[in-house]
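As structure tokens, the structure follows; a few thoughts come after it.
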Amino acid sequence: SHQHNPFAAISSGFSEPEEESGEVFGFSLLYSGSFICESDISEMGRLRFNMGLNPETFRWNLQPGKSFHSPECLMVYSKAGLGEMSRKFHCIVRNRIVPERFRDEPCPILLNSWEASYFDVTHSKIVSLSGAAAKLGIEMIVLDDGWFANRNDATSSLGDWKPDRKKFPFGIRGVAHQVEGEGLKFGIWIEPEMVSIDSELYRAHPEWCLHVPGREIHLGRNQLVLDLTRKEVVDGIYSLIKELIESSKSVSYIKWDMNRHLTEVYSTALQPEEQGEVEHRYVMALYGMHRRLSKDFPDIRIEGCSGGGGRFDLGMLYFIPQIWC
């Protein structure tokens, strides 16, 4: 989250660590879900550090013959302060964690439509924006929120990933083609893990969101979280993303957003004794979607976003080369 990144650094001695001197131990969890980070000193003066899955809501029913893989923790030692620790982390992340396809490719200079138009995006506005951007040496236009059917504010339509024909009469393919005509690449915003109550998807499948049966459903940013522990949910959403990419024929970049926390973490597809598995299953399903996307569309650059840098961790960087923050 924005408040608790899965990272910690511990220095030796009783003073705060220096940038260029002192022993520092760095820890970064390769995981995008609920985690715990704790340390204590024993009566003998020994420091114990623990980082991993948060046990407060986690329970896993490990069946005979099955296995469970816990998240890895990347550990770094520096004898030259925080600076050396940071550089070692940077080197490992660049060379061993981010997708190989994008390791040595500079990020494109892009212009995102959000601050320019917010939800009021249209074919003509994006084409006009791309013409101005091209003159400034900008390399890509990213069509942000507001491009899909009936999405005029934050209260509706998440989950209905079809272009609004009033705003984009020639579809995404049409506007992308004209953007490319200006010599720019084209990117698009999606928030696949979410659903609005006022949406075709929710009206068809209200059971597809995380919720506790018999209790009031609470919205966050006017939206609910889809239950990615359900295979039909993952397959259904992925098919919409795939159709969007293939029909446009021009998507070079995806901004993958996630604008609310997981609450009421209960899946009606699982048994009561399996509810402690929901959070972890969710994260694994999310990774699975990114794995499929990178396999089907290896040249599409994905930028992670969660209200900014709310999901900036090495688990996500293993699948996507950059994070908006």
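The values are calculated or read from the model by the stated rules, or taken from the named source; none is laboratory data. Worth saying up front: this structure is predicted, and the values here are computed from it rather than measured. Cβ atoms come from the backbone with ideal geometry, glycine included; neighbour counts cover every protein chain shown. Accessible surface is based on the protein model in full, side chains and every heavy atom, while ligands, DNA and RNA are left aside. Shrake-Rupley method; radii C 1.70, N 1.55, O 1.52, S 1.80 Å.
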Please give the charge dipole size of the stretch 1-82, origin at the Cα centre, charges +1 on K and R Cβ atoms and -1 on D and E Cβ atoms. Round to the nearest 20 debye.
520
Output for the stretch 72-125: chymotrypsin sites (Phe, Trp or Tyr not before Pro) sitting in coil per DSSP, at most 16 other Cβ within 10 Å, listed by number, reads Y118, F119
In square nanometres and to one decimal, what's the mean projected area of the convex hull around the Cα atoms of the chain?
20.1
Once label points are set 7 Å from the Cα along Cα→Cβ at both A269 and S124, what is their separation, rounded to one decimal in nm?
4.4
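Would you mind working out the magnitude of the charge dipole of the stretch 86-239 relative to its Cα centre, with +1 at each Lys and Arg C-beta and -1 at each Asp and Glu C-beta, to the nearest 20 Debye? Don't skip to the end; give the middle numbers.
On the way: 20 positive and 22 negative charges, 95 e Å.
Dipole size: approximately 460 debye.
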Kirkwood Rh, Cα Rg: Rg to Rh for the stretch 68-221?
1.10
Computed lengthening from C325 to Q3, 0.36 nm per intervening residue step minus Cα-Cα distance
114.6 nm
In deg cm²/dmol, rounded to the nearest 500, the helical mean residue ellipticity at 222 nm of the chain, built from -39500 (n - 2.57) for every DSSP H run of length 4 or more, is -8000 deg cm²/dmol
Dividing the Cα radius of gyration by the Kirkwood radius, what Rg/Rh value follows for the stretch 179-310?
1.00
Given labels modelled 7 Å from the Cα in the Cβ direction, how far is it in nm from D235 to E56?
3.6
Work out which trypsin sites (Lys or Arg not before Pro) in the chain are exposed loop sites (DSSP not H, G, I, E or B, at most 15 other Cβ within 10 Å) and give the longest gap free of them.
250-325
E105-L136 pseudo-label distance in nm [points 7 Å out on the Cα-to-Cβ vector]
2.4
Between the stretch 95-174 and the stretch 183-223, the alpha-carbon center distance in angstrom
19
Counting Lys +1, Arg +1, Asp -1, Glu -1, what net charge surrounds E19 among other residues with beta carbon under 13 Å of its beta carbon?
-3
Counting Lys +1, Arg +1, Asp -1, Glu -1, what net charge surrounds C305 among other residues with beta carbon under 15 Å of its beta carbon?
-3
Which residue, chosen from V121, G307, V76, occupies the Cα position most advanced towards the positive end of the dipole of the chain, where the dipole is computed from +1 (Lys, Arg) and -1 (Asp, Glu) charges on Cβ about the Cα centre?
V121
Pairs of alpha-carbon atoms within less than 8 angstrom and 6+ residues apart define the contacts here; what relative contact order does the chain have, in percent?
19
Under the rule a/c < 1.5 gives rounded, and otherwise a/b versus b/c splits prolate from oblate, where does the stretch 130-210 land using the Cα gyration tensor?
prolate
Mean accessible surface per residue for the chain, computed with a 1.4 Å probe while every protein chain stays in place, in Å²:
52
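How large a share of the accessible area of the chain, in percent, is made up of carbon and sulfur atoms when the probe is 1.4 Å and the other protein chains stay in place?
Taking all protein chains in place, the chain shows 52 percent carbon and sulfur surface.
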Cα-based helix-to-principal-axis angle, 123-135 vs the chain, degrees rounded to 10
70
By how many nm would the segment from R94 to A116 lengthen if fully extended, with 0.36 nm per residue of separation less the alpha-carbon distance?
4.7 nm
Cα-centre dipole for the stretch 52-175 with unit charges at Cβ (Lys and Arg positive, Asp and Glu negative), debye to 20:
320
